[in-house]
Amino acid sequence: MSAVVMDGKALAAKVKARALAAAGQLERQPGLAVILVGENPASQVYVRGKVKDCADCGIACFDYYLPADTTEEQLLALVAELNDRSDVDGILCQLPLPGHIAEKKVLEAISPDKDVDAFHPYSMGRILRGDPCFLPCTPAGVMELLHEYGIEVAGKKCVVVGRSNIVGKPMALLLLGENGTVTVCHSRTPDLKAECLQADILVAAVGKVNLITADMVKEGAVVIDVAMNRNAEGKLCGDVDYPAVAEKASFITPVPGGVGPMTRAMLMENTLAAAKARQ
Ligand code: NAP
């Protein structure tokens with residue numbers, strides 16, 4: 001079998017076009033505040049991408065580039081100011097923050113109605129309960145891809161490898177919310193291969209090149225690769241041994257061009273939803 005490649009780039013373009021059209025319908029232009037503290041090169045790339053996405057989607061972007069020695073108090077004061085601003089619908093603080101700033105404190109300071117990254121405990125609690133709320137962009141992007149390709153989750157055995165708060169755990173909850181039977185694996189899972197072989201839908205979100213090899217994948221499985229790694233040659237790749245796994249899977253996401261563009265697109269969708277709710 002040769003898998004259908006799930007084109008995240010094409011779907012992200014559709015989602016962004018939808019966001020642009022929706023932005024045009026609003027009385028006031030939606031606004032997203034993006035805060036970057038320090039000069040982490042990867043974070044700079046992500047922030048540049050978000051600024052561009054806003055421009056593509058008709059969203060005003062208020063970008064703040066703060067020096068690495070910004071104090072926690074200064075950052076919290078900026079978040080408080082943005083919480084109060086009527087032209088700001090969403091607030092995103094690019095992670096990781098420098099070590100002297102308590103990330104949790106900053107994320108908890110963002111008003112839940114502007115929490116477009118969905119990292120606030122309030123948003124996470126609502127996801128746990130299955131209540132309507134912003135969805136974290138990466139797992140939401142994966143769900144959007146599954147829907148686009150007509151992949152039914154209900155009744156399927158889903159295995160999520162990785163249990164971070166931003167990807168693995170919410171991913172598992174969204175799959176559960178659509179009635180998948182979900183197993184979550186992590187670094188202490190004794191027999192990862194045996195777990196993965198059970199999966200009708202396998203989501204890899206670890207950050208280790210070639211962790212998921214073809215012998216760990218059931219024939220015909222749907223394989224979603226969330227990871228963004230660099231291989232020995234410096235090339236962007238995921239956790240999945242793509243060429244070999246693509247021969248066994250029914251559907252597969254490429255890296256790049258799979259989940260990554262969807263993550264960015266879902267942030268725009270969340271910002272639109274925040275703006276709609278606040279107008
Ligand atoms: P993370 O916080 O480092 O979490 C990694 C998870 O993988 C942890 O739960 C860890 O288990 C588990 N793990 C580590 N080694 C393992 C092993 N040998 N077998 C099974 N599980 C193992 O990473 P993250 O933030 O979730 O990100 C995961 C990957 O997704 C990274 O490559 C990241 O760059 C990428 N990512 C991509 C996007 C996107 O838009 N495409 C967005 C976010 C992240 P423990 O909990 O036991 O330590």
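A few notes on this one:
- Nearest-ten-degree value, helix 259-278 long axis tilted from longest Cα axis of the chain: 40
- If the chain linking E233 and R85 were pulled fully straight, counting 0.36 nm for each residue of separation and taking away their Cα-Cα distance, it would gain 48.7 nm.
- What the Kirkwood sum gives for the chain is a hydrodynamic radius of 19.3 Å, with every pair of different alpha carbons counted.
- Residues S123, S43, S187 arranged by fewest to most Cβ contacts within 10 Å: S187, S43, S123
- Estimated D of segment 1-77 in µm² per second, where Rh is the Kirkwood radius over Cα pairs and Stokes-Einstein applies at 4 °C, 1.567 mPa s: 88
- Shape of segment 210-268 from the C-alpha gyration tensor: oblate (a/c of 1.5 or more and a/b not above b/c, with a ≥ b ≥ c the square roots of its eigenvalues).
- Taking amide H as placed 1.01 Å from N in the peptide plane, the amide H of C237 sits under 5 Å from that of N229, R230, N231, each at least 5 places away or on another chain.
- Distance histogram in 10 Å bins (all Cα pairs of segment 42-117, percent per bin): 17, 52, 29, 2
- Going by neighbour counts of Cβ atoms within 10 Å, the residues F119, F134, F251 line up, fewest first, as F251, F119, F134.
- Neighbour counts of C-beta atoms inside 10 Å place Y46, Y242, Y122 in the sequence Y122, Y46, Y242, starting with the fewest.
- Nonlocal amide H pairs with V203, under 5 Å, H built at 1.01 Å: V159, V160, V161, I224
- By the beta carbon rule, with partners counted only under 4.7 Å, the chain holds these lone Cys residues: C57, C93, C133, C137, C158, C185, C196, C237.
- Mean-position separation - Cα centroids, segment 1-46 and segment 91-167, in angstrom: 15
- As an equivalent ellipsoid, segment 103-247 spans semi-axes of 27, 18, 13 angstrom, where each value is the square root of five times an eigenvalue of the C-alpha gyration tensor, largest first.
- Nearest 10 degrees, 0 to 90: helix 168-177 Cα axis against the chain principal axis: 80
- Residue-span extension gain [R278 to L26] - 0.36 nm each, minus C-alpha spacing: 89.7 nm
- Rounded to the nearest 10 degrees, the angle from helix 137-148 to the longest Cα principal axis of the chain is 50 degrees.
Read-outs: derived from the displayed coordinates by stated rules, not from any lab. Values in this document were obtained by computation on a predicted structure and should not be read as measured data. Neighbour counts run over all protein chains shown; Cβ positions are idealised from the backbone, glycine included.
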